[in-house]
1. If the only charges are +1 at each Lys and Arg Cβ and -1 at each Asp and Glu Cβ, what is the size of the charge dipole of the chain around the Cα centre, to the nearest 20 debye?
2. Using a/c under 1.5 as the rounded threshold, could you call region 147-266 rounded, prolate or oblate? The axes a ≥ b ≥ c are square roots of the C-alpha gyration tensor eigenvalues, and prolate needs a/b larger than b/c, oblate otherwise.
3. Can you work out D for region 238-320 in µm² s⁻¹ from Stokes-Einstein, where Rh is the Kirkwood radius over C-alpha pairs, the temperature is 20 °C and the viscosity is 1.002 mPa s?
4. I need the semi-axes of the equivalent ellipsoid of the chain: take the C-alpha gyration tensor, multiply each eigenvalue by 5, square-root it, list largest first in whole angstrom.
5. If each residue of separation counts as 0.36 nm, what is the full-extension length gain between Val278 and Asn141 once their alpha-carbon separation is subtracted?
6. Give me the percent of accessible area attributable to carbon and sulfur for the chain, probe 1.4 angstrom.
7. Can you find, among Ala79, Gly220, Leu156, the residue sitting farthest towards the positive end of the charge dipole of region 72-225, where Lys and Arg contribute +1 and Asp and Glu -1 at Cβ?
8. For the pairs Lys62/Lys144; Lys86/Lys249; Lys47/Lys116, flag any whose C-alpha to C-alpha distance is greater than 28 Å.
Amino acid sequence: MVIGMSSQHSSNVNGGTNDCNVLTKSQILRVVLTMFVFVLGLTSVPKNIPKDTTLLDLQNNKIMEIKKDDFKGLTSLYALVLVNNKISKVNEKAFEPLLKLQKLYISKNNLEEIPKSLPKSLVELRIHENRIKKIPKDVFNGHKNMNCIEMGGNPLENGGIEAGAFDGLKLNYLRISEAKLSGIPKGLPSSLNELHLDHNKIQAIEMGDLSQYNNLYRLGLGFNNIRAVENGSLSSLPTLRELHLDNNKLSKVPPGLPDMKFLQVVYLHSNNITQVGVNDFCPVGFGVKRAYYNGISLFNNPVPYWEVQPATFRCVTDRLAIQFGNYRK
């Protein structure tokens, strides 16, 4: 059984972007209890929820606290949606009955910490847009099935991520965007395929920052304060396909791009790049590139594009893949 108790009939169940194989509307057959929800608005988790419920949708209400027995007996629950409530407290034993829970969406609330004792069966956690300032060392202990965490929009600084906080996780996807990070965090899972750190205060990419992420194919660092990319700092990303460095303060094209054999998309627009060298993107001589570029954005940079040599883009699939111009002081 699927139960939906939302004060907005057509809202987005994930409360954010459609990543990590989130539940789509076509997968959610809601039984809306109109009188109970739309008139009053829920301030707590309702009682007597059917034991065979597999998806419980309580988004867009006014729930302030998750209590110990709120989910008692819901052993078949697969997905729990608590997006856009006023939750500031979660009892540390509240999730114990949820032995089969794989998706927990608890974004857009007032949480100041990641709930303790998350179900070990959890695959996806969405906890963005809360008030979380700390990721304790043991909060994800034993979560071997977790592959996606979305926790952007929290006031998290580098010092708030305790050493070993992500130990044991085999994540494919991690987003800590719109936070207060001043550098690329240390000790993130080496299994990552996608890492999104956009809209932070990161100032540089230094040697060793990315050394453990051999499986990364998409890296998002747009909308930061990055002025420099240290030579060799990207060399540990052999399978990277997309690099987002737009809306930073770079004065030149990052070094090392010609050696990235699978890189196909590079966003460098809205920086301070003043020149583009003939070997900034493509290998020299007989250097091998396994996949040609299909997107290079350089617009909104003070670079005189008419001075850039055509050979600069000799490893690009089509000239339409290159975006130049439109610079304003």
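1. Value, rounded to 20: 480 debye.
2. oblate
3. In µm²/s, the coefficient rounds to 167.
4. 43, 20, 18
5. Result for the pair: 44.5 nm of gain on full extension.
6. 48
7. Ala79
8. As for pairs spanning more than 28 Å Cα to Cα, those are Lys62/Lys144; Lys86/Lys249.
The values are calculated or read from the model by the stated rules, or taken from the named source; none is laboratory data. Because the structure is predicted, anything quoted here is derived from the model rather than measured. Glycine also receives a Cβ, built like all others from the backbone with ideal geometry; neighbour counts cover every protein chain displayed. Keep in mind that these areas ignore ligands, DNA and RNA; they rest on the heavy atoms of the full protein, side chains included. Shrake-Rupley method; radii C 1.70, N 1.55, O 1.52, S 1.80 Å.
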